[in-house]
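Q: Okay, here's the structure, questions in a sec.
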């Protein structure tokens, strides 16, 4: 049984989730493919302050209504009896009730759910003894792989296309992630 560490936003939730809200608030012509950077202040050409005021207003709504990523429910439901599912997210603690409700409403089981309030997940991964991590943020994926010497499944998005080290495995959806995990689990060797 593996202990799977799983990011939420852009990994379990559809990475396109923010686009309609950003279009409505900032740029009506914005597309998902325009999001070439994780840092939305650069994508939108706004200040950090503007961004966080916007996030404080929209974050609860976005997280409450976020659609699931393709095949996420199917794969995670299959894994809930095979592996331990540890969700570790940069979401802030005041979003805990919304997050728990979202998991319940979407039928996603978890053994552990941790909102750490920042993107540095290294300590949480160490503390929880994670075997494999699932992420959409490029620098997180690289740091986690290099620091903890564990494989990291990186879900392809327009904002994470930089080069990755060995041990960071790119996938397009949860079925590809499942295929890689099943193959690795039968012969666990870090590429």
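The values are calculated or read from the model by the stated rules, or taken from the named source; none is laboratory data. All values derive from a computational prediction rather than experimental measurement. As a convention, Cβ positions derive from the backbone with ideal geometry for all residues, glycine included, and neighbour counts pool all protein chains shown.
Q: Among all residue pairs at least 6 apart or on different chains, which show Cβ distances below 8 Å where the first residue, located in region 69-89, is on the phi > 0 side of the Ramachandran plot and in contact (Cβ under 8 Å) with a residue 12 or more places away in the chain and the second is surrounded by 14 or more Cβ atoms within 10 Å (Cβ to Cβ) and part of a loop (DSSP other than H, G, I, E, B)?
A: Cβ pairs passing all conditions: 71/173.
Q: Just one of 101, 128, 120 is farther than 20 Å from residue 74 by Cβ and under 15 Å from the mean Cα position of the chain (by Cα); which is it?
A: Details: 101 fails: under 15 Å from the mean Cα position of the chain (by Cα); 128 fails: under 15 Å from the mean Cα position of the chain (by Cα).
Criteria check complete, one pass: 120.
Q: Would you mind finding the one in 150, 116, 130 that is modelled with pLDDT of 95 or more, buried (at least 21 other Cβ atoms within 10 Å of the Cβ) and either within 20 Å of residue 13 (Cα to Cα) or assigned by TED's automatic domain parsing to the domain that holds residue 80 (or both)? Steps first, please.
A: Details: 150 fails: buried (at least 21 other Cβ atoms within 10 Å of the Cβ); 116 fails: buried (at least 21 other Cβ atoms within 10 Å of the Cβ).
130 is the lone residue from the list that is modelled with pLDDT of 95 or more, buried (at least 21 other Cβ atoms within 10 Å of the Cβ) and either within 20 Å of residue 13 (Cα to Cα) or assigned by TED's automatic domain parsing to the domain that holds residue 80 (or both).
Q: Hey, another quick one. Are any residues in region 52-72 in a helix (DSSP H, G or I) and buried (at least 16 other Cβ atoms within 10 Å of the Cβ), and if so, which ones? Before the answer, list the steps.
A: From region 52-72, those in a helix (DSSP H, G or I) are 52-65, 72; that's our starting set.
Within region 52-72, 54, 59, 62, 63, 72 meet the criteria.
Q: Scan region 175-186 and tell me whether some residue there is within 25 Å of residue 44 (Cβ to Cβ) and in contact with a strand residue (DSSP E or B) (Cβ under 8 Å, 6 or more places away or on another chain).
A: Restricting attention to region 175-186, the residues satisfying the condition of being within 25 Å of residue 44 (Cβ to Cβ) are none.
Taking every residue of region 175-186 in turn, none turns out to be within 25 Å of residue 44 (Cβ to Cβ) and in contact with a strand residue (DSSP E or B) (Cβ under 8 Å, 6 or more places away or on another chain).
Q: Considering only region 17-46, state which residues are part of a loop (DSSP other than H, G, I, E, B), surrounded by fewer than 17 Cβ atoms within 10 Å (Cβ to Cβ) and in contact (Cβ under 8 Å) with a residue 40 or more places away in the chain.
A: Selection gives 36, 37.
Q: Taking residue 102 as the residue in question, decide whether it is crowded, with 16+ Cβ neighbours inside 10 Å and closer than 25 Å to residue 66 by Cβ.
A: Details: crowded, with 16+ Cβ neighbours inside 10 Å: yes; closer than 25 Å to residue 66 by Cβ: yes.
Taking the combined requirement at face value, the residue satisfies it.
Q: Restricting region 166-180 to residues that are closer than 27 Å to residue 18 by Cβ and more than 15 Å from the chain's Cα centre (by Cα), which is surrounded by the fewest Cβ atoms within 10 Å (Cβ to Cβ)?
A: Going residue by residue through region 166-180, those that are closer than 27 Å to residue 18 by Cβ are 168-178, 180.
Pick out the ones that are also more than 15 Å from the chain's Cα centre (by Cα) and you get 175-176, 178, 180.
Details: 175: 14, 176: 17, 178: 18, 180: 16.
Applying the filter and picking the extreme gives 175.
Q: Among the residues of region 73-82 satisfying the criterion of being loosely packed, with under 15 Cβ neighbours inside 10 Å and touching a helix residue (DSSP H, G or I) at 6+ places or on another chain (Cβ under 8 Å), which is farthest from residue 182 (Cα to Cα)?
A: So, considering only residues that are loosely packed, with under 15 Cβ neighbours inside 10 Å and touching a helix residue (DSSP H, G or I) at 6+ places or on another chain (Cβ under 8 Å), the one farthest from residue 182 (Cα to Cα) is 74.
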